[in-house]
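Okay, structure first, notes after.
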Amino acid sequence: MANSHPAAHSRRILWKSQGTPDNHTDDDVFLRELRTNVNLRTYRFSEAVTGSAVLIQQICLVIFFTTIYAFMLEGRLSAWEVITGFSVTLVALHLVYRSLTQDRLAPSRKELHTFLVIYGFAFGISPILSTLTKSVSTDTIYSMVAGMLLANLAVHDYGPRAMVVSQAFSLNAAFAAAVCLASRLSSPLDAFALIIAAAGIFGLWPPMRSAVKEKRPRHFVWIAPALVLADFLLIAVISRFFAVLFVLFLAGIGLLCPALFVYLQRYKTTIHGPWDEAVIAPFDPTSTTPPPVGGTDDGPTPL
(Lines give C-alpha, C1' and ligand atoms only; values in the text may rest on other atoms or scores of the structure.)
Protein backbone atom coordinates (compact mmCIF):
# COMPACT_ATOMS: atom_id res chain seq x y z
CA MET A 1 0.00 0.00 0.00
CA ALA A 2 1.10 3.60 -0.53
CA ASN A 3 2.80 5.51 2.25
CA SER A 4 5.20 8.39 2.78
CA HIS A 5 8.42 6.45 3.33
CA PRO A 6 11.29 8.07 1.44
CA ALA A 7 12.46 6.11 -1.54
CA ALA A 8 13.75 7.19 -4.90
CA HIS A 9 12.56 4.21 -6.88
CA SER A 10 11.45 1.24 -4.84
CA ARG A 11 11.68 -2.14 -6.51
CA ARG A 12 9.44 -5.08 -5.73
CA ILE A 13 12.20 -7.40 -4.53
CA LEU A 14 12.83 -9.04 -1.19
CA TRP A 15 16.45 -10.11 -1.56
CA LYS A 16 17.84 -6.60 -1.14
CA SER A 17 17.28 -4.09 1.66
CA GLN A 18 16.02 -0.73 0.32
CA GLY A 19 15.32 1.07 3.58
CA THR A 20 11.55 0.77 3.11
CA PRO A 21 8.94 -1.73 4.30
CA ASP A 22 8.39 -4.81 2.17
CA ASN A 23 4.91 -3.61 1.22
CA HIS A 24 6.09 -0.16 0.14
CA THR A 25 5.04 1.28 -3.22
CA ASP A 26 6.04 4.72 -4.42
CA ASP A 27 3.23 7.25 -4.31
CA ASP A 28 3.77 8.35 -7.90
CA VAL A 29 3.39 4.82 -9.31
CA PHE A 30 0.77 3.41 -6.93
CA LEU A 31 -2.28 4.11 -9.06
CA ARG A 32 -0.29 3.91 -12.27
CA GLU A 33 -0.18 0.12 -11.83
CA LEU A 34 -3.94 -0.14 -11.42
CA ARG A 35 -5.43 -2.61 -13.87
CA THR A 36 -9.02 -3.71 -14.28
CA ASN A 37 -10.51 -6.98 -15.49
CA VAL A 38 -7.16 -8.69 -15.99
CA ASN A 39 -7.64 -12.22 -17.34
CA LEU A 40 -11.37 -11.91 -16.74
CA ARG A 41 -13.38 -14.78 -18.16
CA THR A 42 -16.83 -14.17 -19.59
CA TYR A 43 -19.38 -16.91 -20.15
CA ARG A 44 -21.68 -17.45 -23.09
CA PHE A 45 -25.38 -18.12 -22.63
CA SER A 46 -24.99 -21.76 -23.69
CA GLU A 47 -22.26 -22.28 -21.06
CA ALA A 48 -24.44 -20.74 -18.36
CA VAL A 49 -27.39 -22.94 -19.32
CA THR A 50 -25.19 -26.04 -19.27
CA GLY A 51 -23.89 -25.05 -15.85
CA SER A 52 -27.41 -24.78 -14.46
CA ALA A 53 -28.24 -28.29 -15.71
CA VAL A 54 -26.68 -29.92 -12.63
CA LEU A 55 -28.90 -27.90 -10.28
CA ILE A 56 -31.97 -28.68 -12.37
CA GLN A 57 -31.15 -32.39 -12.27
CA GLN A 58 -30.86 -32.39 -8.49
CA ILE A 59 -34.16 -30.51 -8.12
CA CYS A 60 -35.80 -33.02 -10.45
CA LEU A 61 -34.46 -35.90 -8.36
CA VAL A 62 -35.90 -34.38 -5.19
CA ILE A 63 -39.27 -33.88 -6.91
CA PHE A 64 -39.13 -37.41 -8.33
CA PHE A 65 -38.55 -38.85 -4.86
CA THR A 66 -41.44 -36.92 -3.35
CA THR A 67 -43.80 -37.97 -6.15
CA ILE A 68 -42.84 -41.61 -5.60
CA TYR A 69 -43.78 -41.16 -1.95
CA ALA A 70 -47.06 -39.47 -2.88
CA PHE A 71 -47.97 -42.29 -5.28
CA MET A 72 -47.23 -44.91 -2.61
CA LEU A 73 -49.22 -42.98 -0.01
CA GLU A 74 -52.25 -42.77 -2.33
CA GLY A 75 -51.95 -46.41 -3.40
CA ARG A 76 -51.05 -45.63 -7.01
CA LEU A 77 -47.80 -47.60 -6.64
CA SER A 78 -47.28 -50.79 -4.68
CA ALA A 79 -44.17 -51.57 -2.69
CA TRP A 80 -43.23 -54.45 -4.97
CA GLU A 81 -43.50 -52.25 -8.07
CA VAL A 82 -41.14 -49.71 -6.51
CA ILE A 83 -38.68 -52.38 -5.31
CA THR A 84 -38.64 -54.20 -8.64
CA GLY A 85 -38.44 -51.04 -10.74
CA PHE A 86 -35.65 -49.47 -8.73
CA SER A 87 -33.70 -52.73 -8.43
CA VAL A 88 -33.68 -53.19 -12.20
CA THR A 89 -32.81 -49.51 -12.69
CA LEU A 90 -29.99 -49.68 -10.15
CA VAL A 91 -28.45 -52.69 -11.88
CA ALA A 92 -28.72 -51.05 -15.30
CA LEU A 93 -27.28 -47.73 -14.12
CA HIS A 94 -24.47 -49.50 -12.32
CA LEU A 95 -23.53 -51.36 -15.50
CA VAL A 96 -23.50 -48.06 -17.37
CA TYR A 97 -21.37 -46.51 -14.64
CA ARG A 98 -18.84 -49.35 -14.80
CA SER A 99 -18.70 -49.11 -18.60
CA LEU A 100 -17.72 -45.45 -18.20
CA THR A 101 -15.22 -45.84 -15.36
CA GLN A 102 -13.96 -49.45 -15.45
CA ASP A 103 -12.62 -51.95 -17.99
CA ARG A 104 -15.11 -54.68 -17.12
CA LEU A 105 -18.86 -54.72 -16.55
CA ALA A 106 -18.94 -57.47 -13.94
CA PRO A 107 -19.30 -55.98 -10.44
CA SER A 108 -16.61 -56.67 -7.89
CA ARG A 109 -17.14 -58.61 -4.68
CA LYS A 110 -16.98 -55.36 -2.71
CA GLU A 111 -19.77 -53.84 -4.79
CA LEU A 112 -21.95 -56.94 -4.42
CA HIS A 113 -21.31 -56.87 -0.69
CA THR A 114 -22.34 -53.18 -0.57
CA PHE A 115 -25.61 -53.89 -2.40
CA LEU A 116 -26.42 -56.80 -0.09
CA VAL A 117 -25.66 -54.72 3.00
CA ILE A 118 -27.89 -51.86 1.80
CA TYR A 119 -30.81 -54.15 1.00
CA GLY A 120 -30.36 -56.27 4.11
CA PHE A 121 -29.99 -53.32 6.45
CA ALA A 122 -32.94 -51.46 4.92
CA PHE A 123 -35.14 -54.57 5.12
CA GLY A 124 -34.08 -55.25 8.71
CA ILE A 125 -34.88 -51.80 10.05
CA SER A 126 -38.02 -51.22 7.96
CA PRO A 127 -40.35 -52.38 10.78
CA ILE A 128 -38.70 -49.81 13.05
CA LEU A 129 -38.83 -47.06 10.44
CA SER A 130 -42.52 -47.60 9.78
CA THR A 131 -43.34 -46.73 13.42
CA LEU A 132 -40.39 -44.51 14.34
CA THR A 133 -42.17 -41.16 14.15
CA LYS A 134 -45.80 -42.24 14.42
CA SER A 135 -46.23 -40.07 17.51
CA VAL A 136 -45.13 -36.95 15.61
CA SER A 137 -47.79 -35.01 13.74
CA THR A 138 -47.83 -35.24 9.96
CA ASP A 139 -47.48 -31.47 9.55
CA THR A 140 -44.30 -31.52 11.64
CA ILE A 141 -42.93 -34.43 9.63
CA TYR A 142 -43.59 -32.68 6.34
CA SER A 143 -41.97 -29.48 7.63
CA MET A 144 -38.90 -31.45 8.70
CA VAL A 145 -38.76 -33.24 5.33
CA ALA A 146 -39.00 -29.93 3.45
CA GLY A 147 -36.09 -28.53 5.49
CA MET A 148 -33.98 -31.65 4.96
CA LEU A 149 -34.56 -31.71 1.21
CA LEU A 150 -33.73 -28.01 1.00
CA ALA A 151 -30.54 -28.74 2.93
CA ASN A 152 -29.79 -31.50 0.42
CA LEU A 153 -30.10 -28.98 -2.41
CA ALA A 154 -28.13 -26.28 -0.58
CA VAL A 155 -24.99 -28.30 0.25
CA HIS A 156 -24.99 -30.72 -2.67
CA ASP A 157 -21.80 -30.98 -4.70
CA TYR A 158 -22.62 -29.35 -8.04
CA GLY A 159 -19.00 -29.11 -9.21
CA PRO A 160 -17.57 -25.72 -8.19
CA ARG A 161 -15.70 -25.72 -4.89
CA ALA A 162 -17.37 -23.86 -2.04
CA MET A 163 -17.24 -23.89 1.74
CA VAL A 164 -20.86 -24.98 2.10
CA VAL A 165 -20.46 -28.04 -0.14
CA SER A 166 -20.71 -31.34 1.73
CA GLN A 167 -21.71 -34.42 -0.20
CA ALA A 168 -21.91 -36.49 2.99
CA PHE A 169 -24.26 -34.01 4.69
CA SER A 170 -26.37 -33.74 1.53
CA LEU A 171 -26.76 -37.53 1.36
CA ASN A 172 -27.53 -37.81 5.08
CA ALA A 173 -30.18 -35.09 4.82
CA ALA A 174 -31.88 -36.96 1.96
CA PHE A 175 -31.88 -40.25 3.88
CA ALA A 176 -33.21 -38.50 6.99
CA ALA A 177 -36.08 -37.18 4.89
CA ALA A 178 -36.73 -40.70 3.57
CA VAL A 179 -36.78 -42.08 7.13
CA CYS A 180 -39.31 -39.45 8.19
CA LEU A 181 -41.56 -40.12 5.21
CA ALA A 182 -41.32 -43.90 5.69
CA SER A 183 -43.24 -43.60 8.96
CA ARG A 184 -46.23 -42.12 7.11
CA LEU A 185 -46.62 -45.25 4.94
CA SER A 186 -48.89 -48.13 5.81
CA SER A 187 -46.52 -51.10 6.11
CA PRO A 188 -42.86 -52.01 6.75
CA LEU A 189 -42.60 -53.21 3.14
CA ASP A 190 -43.60 -49.75 1.91
CA ALA A 191 -40.95 -48.22 4.18
CA PHE A 192 -38.37 -50.63 2.76
CA ALA A 193 -39.35 -49.69 -0.80
CA LEU A 194 -39.01 -45.97 -0.05
CA ILE A 195 -35.54 -46.44 1.47
CA ILE A 196 -34.43 -48.39 -1.62
CA ALA A 197 -35.77 -45.58 -3.79
CA ALA A 198 -33.83 -43.01 -1.76
CA ALA A 199 -30.65 -45.10 -2.03
CA GLY A 200 -30.95 -45.23 -5.80
CA ILE A 201 -31.91 -41.60 -6.32
CA PHE A 202 -29.58 -39.88 -3.88
CA GLY A 203 -26.83 -42.47 -3.45
CA LEU A 204 -26.09 -43.84 -6.89
CA TRP A 205 -26.97 -40.91 -9.12
CA PRO A 206 -24.30 -38.31 -8.07
CA PRO A 207 -21.29 -40.50 -9.08
CA MET A 208 -23.20 -41.63 -12.16
CA ARG A 209 -23.84 -38.02 -13.15
CA SER A 210 -20.18 -37.08 -12.67
CA ALA A 211 -19.07 -40.01 -14.84
CA VAL A 212 -21.49 -39.10 -17.64
CA LYS A 213 -20.50 -35.44 -17.47
CA GLU A 214 -16.81 -36.33 -17.77
CA LYS A 215 -17.00 -39.16 -20.30
CA ARG A 216 -20.10 -38.25 -22.32
CA PRO A 217 -20.58 -34.46 -22.14
CA ARG A 218 -22.89 -34.41 -25.16
CA HIS A 219 -25.21 -36.96 -23.57
CA PHE A 220 -25.08 -35.12 -20.25
CA VAL A 221 -26.88 -32.11 -21.73
CA TRP A 222 -29.99 -34.21 -22.48
CA ILE A 223 -30.36 -35.66 -18.98
CA ALA A 224 -31.93 -32.52 -17.50
CA PRO A 225 -34.73 -32.23 -20.15
CA ALA A 226 -35.48 -35.94 -19.76
CA LEU A 227 -35.80 -35.59 -15.98
CA VAL A 228 -37.95 -32.47 -16.33
CA LEU A 229 -40.31 -34.31 -18.71
CA ALA A 230 -40.53 -37.33 -16.39
CA ASP A 231 -41.30 -35.15 -13.38
CA PHE A 232 -43.84 -33.13 -15.35
CA LEU A 233 -45.75 -36.27 -16.32
CA LEU A 234 -45.70 -37.59 -12.75
CA ILE A 235 -46.82 -34.29 -11.22
CA ALA A 236 -49.53 -33.90 -13.86
CA VAL A 237 -51.14 -37.08 -12.56
CA ILE A 238 -51.54 -35.38 -9.18
CA SER A 239 -52.17 -31.79 -10.28
CA ARG A 240 -51.84 -30.15 -13.70
CA PHE A 241 -51.54 -26.74 -12.10
CA PHE A 242 -48.50 -27.76 -10.08
CA ALA A 243 -47.04 -29.48 -13.14
CA VAL A 244 -47.17 -26.22 -15.12
CA LEU A 245 -45.84 -24.30 -12.12
CA PHE A 246 -42.97 -26.78 -11.86
CA VAL A 247 -41.98 -26.29 -15.50
CA LEU A 248 -42.13 -22.50 -15.18
CA PHE A 249 -39.99 -22.63 -12.06
CA LEU A 250 -37.31 -24.71 -13.77
CA ALA A 251 -37.48 -22.50 -16.86
CA GLY A 252 -36.66 -19.55 -14.64
CA ILE A 253 -33.67 -21.39 -13.17
CA GLY A 254 -32.42 -22.88 -16.43
CA LEU A 255 -33.08 -19.98 -18.83
CA LEU A 256 -33.91 -16.72 -17.05
CA CYS A 257 -31.15 -16.91 -14.42
CA PRO A 258 -28.40 -17.78 -16.97
CA ALA A 259 -29.61 -14.94 -19.23
CA LEU A 260 -29.48 -12.53 -16.30
CA PHE A 261 -26.02 -13.80 -15.36
CA VAL A 262 -24.69 -13.28 -18.90
CA TYR A 263 -26.23 -9.79 -19.04
CA LEU A 264 -24.73 -8.70 -15.71
CA GLN A 265 -21.23 -9.79 -16.76
CA ARG A 266 -20.77 -6.45 -18.51
CA TYR A 267 -20.90 -4.72 -15.13
CA LYS A 268 -18.30 -6.94 -13.49
CA THR A 269 -15.11 -5.09 -12.60
CA THR A 270 -12.05 -6.46 -10.86
CA ILE A 271 -9.09 -4.27 -9.89
CA HIS A 272 -5.49 -5.38 -9.61
CA GLY A 273 -2.37 -3.55 -8.62
CA PRO A 274 0.53 -3.46 -6.16
CA TRP A 275 -1.83 -4.13 -3.27
CA ASP A 276 -2.51 -7.67 -4.50
CA GLU A 277 -1.13 -10.37 -2.26
CA ALA A 278 1.63 -12.23 -4.05
CA VAL A 279 1.55 -16.01 -4.19
CA ILE A 280 4.31 -18.42 -5.13
CA ALA A 281 3.56 -20.15 -8.43
CA PRO A 282 5.28 -23.44 -9.34
CA PHE A 283 8.20 -22.89 -11.71
CA ASP A 284 8.14 -24.82 -14.97
CA PRO A 285 11.56 -24.62 -16.70
CA THR A 286 10.09 -25.94 -19.97
CA SER A 287 7.34 -23.35 -20.16
CA THR A 288 7.86 -20.26 -22.30
CA THR A 289 4.61 -18.62 -21.21
CA PRO A 290 5.05 -15.97 -18.50
CA PRO A 291 2.64 -15.95 -15.55
CA PRO A 292 -0.43 -13.70 -15.91
CA VAL A 293 0.26 -10.07 -15.08
CA GLY A 294 -1.93 -8.50 -12.44
CA GLY A 295 -3.44 -11.81 -11.34
CA THR A 296 -6.75 -13.24 -12.40
CA ASP A 297 -10.30 -12.73 -11.36
CA ASP A 298 -9.94 -15.85 -9.18
CA GLY A 299 -6.80 -14.89 -7.29
CA PRO A 300 -3.84 -12.54 -6.75
CA THR A 301 -0.76 -12.08 -8.83
CA PRO A 302 1.69 -15.02 -8.70
CA LEU A 303 5.37 -14.37 -8.10
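The values are calculated or read from the model by the stated rules, or taken from the named source; none is laboratory data. This one's a predicted model, so the numbers in the text were calculated from it and none came from an experiment. Ideal geometry is used to build each Cβ from the backbone, glycine not excepted, and the neighbour counts take in all protein chains shown.
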Can you pull out every residue in segment 82-110 that is over 18 Å from Lys213 (Cα atoms) and in contact (Cβ under 8 Å) with a residue 60 or more places away in the chain? Val82, Ile83, Phe86, Ser87, Thr89, Leu90
It is to be established whether one or more residues within segment 208-224 are surrounded by 14 or more Cβ atoms within 10 Å (Cβ to Cβ) and over 19 Å from Thr50 (Cβ atoms). no
For segment 203-251, enumerate the residues that are touching a residue at least 40 places away in the same chain (Cβ under 8 Å) and aromatic (Phe, Trp, Tyr). Trp205, Phe220, Phe246
Taking first residues from segment 30-42 that are touching a residue at least 60 places away in the same chain (Cβ under 8 Å) and second residues anywhere that are β-branched (Val, Ile, Thr) and part of a helix (DSSP H, G or I), the pairs with Cβ under 9 Å that are 6 or more apart or on different chains are Thr42/Val262
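Checking the conditions here, which among Ser143, Ser135 is of a type outside the set (D, E, K, R) and not in a helix (DSSP H, G or I)? Break it down into steps so the answer makes sense when it comes.
On the way: Ser143 fails: not in a helix (DSSP H, G or I).
Only one candidate qualifies: Ser135.
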Scan segment 131-147 and give yes if some residue there is at pLDDT below 85, hydroxyl-bearing (Ser, Thr, Tyr), in contact with a Ser or Thr (Cβ under 8 Å, 6 or more places away or on another chain) and under 20 Å from Cys180 (Cα atoms), otherwise no. yes
So Ser187 ticks every box in (1) under 28 Å from Trp80 (Cβ atoms); (2) buried (at least 20 other Cβ atoms within 10 Å of the Cβ) but one. Which box is left unticked? (2)
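Here are Pro225, Pro188, Pro160: which of them is within 20 Å of Phe71 (Cα to Cα) and not β-branched (Val, Ile, Thr)? Quick ask: steps written out before the conclusion?
Numbers: Pro225 fails: within 20 Å of Phe71 (Cα to Cα); Pro160 fails: within 20 Å of Phe71 (Cα to Cα).
Residue meeting the stated conditions: Pro188.
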Tell me which helices (runs of 4 or more DSSP H) are completely within segment 26-122 and hold 3 or more residues being modelled with pLDDT of 85 or more and in the same structural domain as Ala176 (by TED's automatic domain parsing), or say none if there are none. 45-73, 79-101
Could you tell me whether His156 is at pLDDT 80 or above and either exposed (fewer than 15 other Cβ atoms within 10 Å of the Cβ) or on the phi > 0 side of the Ramachandran plot (or both)? no
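Within segment 159-171, can you find the residues that are surrounded by 16 or more Cβ atoms within 10 Å (Cβ to Cβ) and in a loop (DSSP other than H, G, I, E, B)? I'd like the intermediate steps shown before the answer.
In the first step, residues of segment 159-171 are kept if they are surrounded by 16 or more Cβ atoms within 10 Å (Cβ to Cβ); the result is 166, 170-171.
Within segment 159-171, Ser166 is the sole residue that qualifies.
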